[in-house]
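The values are calculated or read from the model by the stated rules, or taken from the named source; none is laboratory data. Computed from a predicted model, the values in this text were never measured in an experiment. Neighbour counts are summed over all protein chains in view; Cβ atoms, including those assigned to glycine, are modelled from backbone coordinates with ideal geometry.
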Amino acid sequence: MVGKLQDKVAIITGASSGIGEATAIALAAEGAKVVLVARRDQLLEALAERIKANGGEALPVVADITDETQVNNLVSKANAEFGRIDIVVNNAGIALLGTIETGNPADWRRAFDINVLGVLYVTHAALPILKQQQSGHIVNISSVAGRTARAGVGVYNATKWGVNALSEALRQEVYRDNIRVTIIEPGLVDTGIDDHIIDPVSKQRIQERRKSITPLQSEDVAAAIVYAVSQPPRVNVNEILIRPTGQEN
């Protein structure tokens, strides 16, 4: 049976675990050729082997998305390997929570480098190829935190609000080139992103929250991405907000 995304080429950043890993598996299951991007080479190689064992095509590329040169190289490598790029999933991200007063400016810069500049670098590198093709789909993983600000989450809020803003501006810039743009805004998801949290108060707060809510699974978010990118060319799903049933805000 031919998948919904047969022979499409998808780049997924942050593909070594969590939402990125689940998305790579889901897109490959629909026939897409997936380019797996992350810094952890062993995890990427293992994921690529799993996808290939199930009959899919996968190209692991070790790259740091905060390095513009590495990003340009990975996009060029993907295009050289498969001859086109159809889908870009800007998934790589980091959640460094904590109050602004107690925050570390070095952590703030790291958060913006990954969550905002990384999205821009990958998008900027892919756009000339998508424009030349006159087709493509850019999916940016944002968050509920990109819609509602909370004390102790300010910097993360700022990065995700930034992703939402640049996504809408991008949509207006590229729709005439038949390029679609989607933002996915998950609520609480059961991934390893909490491991990035350094502030002990914030870490305890999120751990307690997880005890009171049954979180989304990475596969739930991946399913939303598959839905968006598999719509007919006339349909541009601009935004998907997806929360656990038990999450209030």
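Return yes when Asn140 is part of a helix (DSSP H, G or I) and at pLDDT 95 or above and no when it is not. Before you say what the answer is, go through the steps one by one.
Details: part of a helix (DSSP H, G or I): no; at pLDDT 95 or above: yes.
Here the answer is no, as Asn140 does not meet what is asked.
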Practice item. Tell me, yes or no, whether the stretch 201-218 has at least one residue that is at pLDDT 95 or above and either over 18 Å from Arg243 (Cα atoms) or among the small types (Gly, Ala, Ser) (or both). Key: yes
Practice item. Kindly indicate which of Leu96, Leu44, Leu74, Leu59 is over 25 Å from Pro232 (Cα atoms), in contact with a His (Cβ under 7 Å, 6 or more places away or on another chain) and crowded, with 16+ Cβ neighbours inside 10 Å. Key: Leu96
Point to revise | Positions within the stretch 123-155 being more than 15 Å from the chain's Cα centre (by Cα), under 15 Å from Pro186 (Cα atoms) and of a type outside the set (Lys, Arg), in sequence order | key: Thr148, Ala149
Practice item. Could you pull out the residue among Thr123, Thr159, Thr148 that is among the polar types (S, T, N, Q), in contact (Cβ under 8 Å) with a residue 24 or more places away in the chain, part of a helix (DSSP H, G or I) and under 20 Å from Val221 (Cα atoms)? Key: Thr159
Check your understanding: Only one residue in Thr23, Thr13 is closer than 18 Å to Thr159 by Cβ and at pLDDT 95 or above. Which one?
Key -> Thr13
Exercise for review: Looking at (1) touching a Gly at 6+ places or on another chain (Cβ under 6 Å); (2) outside any loop (DSSP other than H, G, I, E, B); (3) over 29 Å from Tyr175 (Cβ atoms), find the lone condition where Ile100 falls short.
Suggested key: (2)
Check your understanding: Taking the stretch 133-186, which residues are farther than 19 Å from Ile85 by Cβ, surrounded by 23 or more Cβ atoms within 10 Å (Cβ to Cβ) and of a type in the set (S, T, N, Q)?
Key -> Ser142, Ser143, Thr159
Practice item. Mind counting the residues in the stretch 214-230 that are in a loop (DSSP other than H, G, I, E, B), surrounded by fewer than 18 Cβ atoms within 10 Å (Cβ to Cβ) and in contact (Cβ under 8 Å) with a residue 40 or more places away in the chain? Key: 1
Review point. What about Thr99, is it at pLDDT below 95 and of a type in the set (S, T, N, Q)?
Key: yes
